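All remarks here apply to the structure that follows.
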């Protein structure tokens, strides 16, 4: 049985929740070892009230690659984090954990795309007033945000954009 994707418990746990959501996306409940979850939580949230550092993320990804045979996690930074590479990953039945913006640095799980939108699961619950022409709410199982391409490829720090090239960071997850 597959679980539903999870929402954040605090203001700062988007990284561990997105990593766990990527596991939920690929694995059945009974296939997820509790020790994997313990490791993710133990090495997350190392920045106190500012979330999880890139170094901790890389440590978690290394652990997952060494302990999960079905999936491959690959960290990409700067110019490697672009629309073409994201779509390639999605076309290969992968997902992307992307550092984006929601007033500040924030992580979402990109699960699909269509001709108009990038489809993502944002673990942060937003009020209906937070949406506009660039980002729409959805109640689908594997995505709750539809981000239009113009907003998504924006190189500024606008909500749900790729952001400045030098700050881009993502984890490409594939089977």
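Read the figures in this text as sums done on the coordinates, not as results from a lab. Quick caveat, the model's predicted, so the values are computed rather than measured. Positions of Cβ are generated from backbone atoms using ideal geometry, with glycine treated the same way; all protein chains shown enter the neighbour counts.
Read through the labelled values (i) 42, 33, 32; (ii) 101, 24, 20; (iii) 63, 41, 25 and report the label of the one computed as Cα extents along the principal axes in Å from the structure.
So the structure-derived entry is (i).
From largest to smallest, what semi-axes in whole angstrom does region 136-175 give when each is the square root of 5 times an eigenvalue of its alpha carbon gyration tensor? The partial results should precede the final answer.
Working: eigenvalues 84, 53, 10 Å².
Value: 21, 16, 7 Å, ordered largest first.
Please report 165, 109 as a ranked list, fewest other C-beta atoms within 10 angstrom at the top and most at the bottom. All intermediate terms of the calculation are to be shown ahead of the outcome.
Details: 165 12, 109 29.
The order, fewest Cβ neighbours first, is 165, 109.
What value, in deg cm²/dmol to 500, does the helix sum -39500 (n - 2.57) over DSSP H runs of n ≥ 4 give at 222 nm once divided by the residues of the chain? All intermediate terms of the calculation are to be shown ahead of the outcome.
Working: 5 runs with 49 residues, N = 175.
So the calculated ellipticity at 222 nm is -8000 deg cm²/dmol.
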